[in-house]
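The structure appears right after this line, and notes come after that.
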Amino acid sequence: MINVFQPTLGAEELGAVAEVLDSAWLGKGPRVAEFERAFAEHLGVPADRVVTVNSCTEALFQAMELLGVGPGDEVVLPSISFVGAANAIAARGARPVFCDVDPRTLNPTADHVAAALGPRTRAVVILHYGGRPGSVLEIAELCRDRGVPLVEDAACSVASRAGDDPCGVIGDIGVWSFDSQKIVVTADGAMLSARDPELVAAARKHTYLGLERFSGYTSAKVADTRWWDIEVTSFSRRSIMNDLQAALGLVQLRRLGGFLERRAEIAAAYDRELAGLAGMQTPPPLPDGHTSSFYLYWVQVDEAVRDALARDLYADGVYTTFRYPALHLVKAYGSDARLPGAEAAAARTLCLPLHQGLSDGDVEVTIAAVRSSVRRRSGRLPPPPSATTA
Ligand SMILES: *Cc1c(COP(=O)(O)O)cnc(C)c1O
C-alpha cells in the first residue's frame, strides 16, 4: 500500500534517541531547550517567542486560554479546519463561528472571515490548507484593523511563507504539529509561538501545572535553598515535550530542506501529469511570492465520483484521504451556517499520497491509477466550477 502520509526516520534519529537514553534524562531538558532554539532560528524569531507543547491540539487549547476566550465569546474559524481547533474553542464555553472557504484552495479569503466577524468575536483561527499560505496577509490585516487576535494553525506549514513572512508568525499566536503524519516528526509534539513574549512565558507555566518555576531539569537548583517549594499561578495541566521527542525533532529539522525538495518534486509531477485530465482539477497555481510546505496534494472531481475514486485507488494499492471534513456540518458544534464553498470542497476533494518517502515508481503508480479511474468514472460529467487563486 502506498501511504498518503509517512515519516522519514533512520539511523540519525535512532542515534539521537540512543544518546538521550544514555543520558538517563528522558524528560523536558537540554534537548527540548535546543529544539526550541533551533525552531526559533528556523522561523527567524527570537528564542523567547517559542515554547514546545506535547501536541498541536493541546497548543490550540493553550492558545484559547492565553487569549482569555470564555463563555459568551465567539471565535471565527474556517469550516475546513482541524477538529481540535473547534474543540479548543467549544471547551472554553465559547461558540465556534464557521466561515466559508474558497472551494478550490480550501483556504478562506479575508472576505470570508470578515463576513463571520461580529461584536462578540474574541479571536480568529485559520490554517494554511495543505501548506499554502492562502490569504493570511490580508486576514492578518483585517484582524489588526478590527483589534481581534489571529491564531495561525500552522500544523501544515512548517516551512510556508507569504513573501518573506513565515506562516505561524504572521498573526498573534502560531502553532505547529510534529505528530507522526506531519513533515517534521517527533512522534507527538508541537510548538507554540506568540508575538508577545509574555504570552510565551505564560504558556511555559501553563504547560507545566501552572508552576511559577520549572523544577525539572535545571542547572540553577543550587541557587535556591529549597528548590522543591512550589508556587501555583494557574490551575493547569502538564503538556510538556520531552527530550526523546526533541532529539527526533532536532534531526528532522536538519533534514527538512531535503524533505521539502522531494515533496515539491512530487507535487510538480502530479501537476504535470494530472493537469488537463477531463473531469478532474488539480490545485490552482501557487500565487507569486508564496512558498508552500507541500503538506497535502489534492485533486477535485464531481461529488458523484469522489468516493468511487478513493475506492478505485485503494483497490490499486494507493491510500488517499480527505482533510479536513467541514465542521459546520458536524452536529456537536450546533452550527446552522450554509457554506457553499466548504460544502463543495468537502464533497469533491481527495488528498493523494504526498511524502518524501515516495519513490518515482510510487508516484507513477498513483498517477496511472488516478488517470484510469477518472477516465472511467467521470468521462461524461459536466465541467466543474471555474478556478480561482485565493
Ligand atoms: C495534525 C493537525 C493538528 C493537530 O496536531 P496534533 O499534534 O496531532 O495534535 C492541528 N491542525 C492541523 C491543521 C493539523 O493538520
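The values are calculated or read from the model by the stated rules, or taken from the named source; none is laboratory data. Since the structure is predicted, the reported quantities are computational estimates derived from the model, not experimental observations. Here Cβ is always computed from backbone atoms with ideal geometry, including for glycine, and neighbour counts include all displayed protein chains.
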Qualifying residue in region 243-256 (condition: in a loop (DSSP other than H, G, I, E, B), in contact with a Gly (Cβ under 8 Å, 6 or more places away or on another chain), within 16 Å of the ligand (Cβ to nearest atom) and of a type in the set (A, V, I, L, M)): no
Take the residues of region 131-165 that are away from the ligand (no atom under 16 Å from the Cβ) and farther than 17 Å from THR109 by Cβ: which is nearest to the chain's Cα centre (by Cα)? ARG161
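Yes/no matrix, rows are residues, columns are (1) crowded, with 22+ Cβ neighbours inside 10 Å; (2) polar (S, T, N, Q); (3) touching a residue at least 24 places away in the same chain (Cβ under 8 Å); (4) within 16 Å of the ligand (Cβ to nearest atom):
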{"position": "PRO71", "(1), (2), (3), (4)": "no, no, no, no"}
{"position": "ALA91", "(1), (2), (3), (4)": "no, no, yes, yes"}
{"position": "ASP100", "(1), (2), (3), (4)": "yes, no, yes, no"}
{"position": "PRO103", "(1), (2), (3), (4)": "yes, no, yes, no"}
{"position": "ALA110", "(1), (2), (3), (4)": "no, no, yes, no"}
{"position": "ALA114", "(1), (2), (3), (4)": "no, no, yes, no"}
Based on what the data block shows, is PRO96 surrounded by 18 or more Cβ atoms within 10 Å (Cβ to Cβ) and not basic (Lys, Arg)? yes
Picked from region 166-195 (must be under 21 Å from ARG146 (Cα atoms) and among the small types (Gly, Ala, Ser)), the residue farthest from the ligand (Cβ to nearest atom) is ALA194
Tell me which of these PHE294 doesn't satisfy, since it passes every other one: (1) surrounded by 23 or more Cβ atoms within 10 Å (Cβ to Cβ); (2) aromatic (Phe, Trp, Tyr); (3) more than 16 Å from the ligand (Cβ to nearest atom). (3)
Hits in region 137-148 (condition: in a helix (DSSP H, G or I), of a type in the set (A, V, I, L, M, F, W, C) and surrounded by fewer than 24 Cβ atoms within 10 Å (Cβ to Cβ)): LEU137, ALA140, LEU142
In this structure, does ALA85 turn out to be touching a strand residue (DSSP E or B) at 6+ places or on another chain (Cβ under 8 Å) and within 13 Å of the ligand (Cβ to nearest atom)? yes
Of everything in region 267-297, what is among the β-branched types (Val, Ile, Thr), more than 21 Å from VAL318 (Cα to Cα) and part of a loop (DSSP other than H, G, I, E, B)? Give them in sequence order. none
From the list ALA337, ALA308, pick out the single residue that is touching a residue at least 60 places away in the same chain (Cβ under 8 Å), over 21 Å from the mean Cα position of the chain (by Cα), more than 30 Å from THR8 (Cβ to Cβ) and in a helix (DSSP H, G or I). ALA308
I need the full set of residues from region 36-55 which are of a type outside the set (Gly, Ala, Ser) and either within 16 Å of the ligand (Cβ to nearest atom) or not assigned by TED's automatic domain parsing to the domain that holds ALA246 (or both), in order please. PHE39, VAL50, VAL51, THR52, VAL53, ASN54
Matching residues, region 71-97, being of a type in the set (Lys, Arg) and within 15 Å of GLY118 (Cα to Cα): ARG95
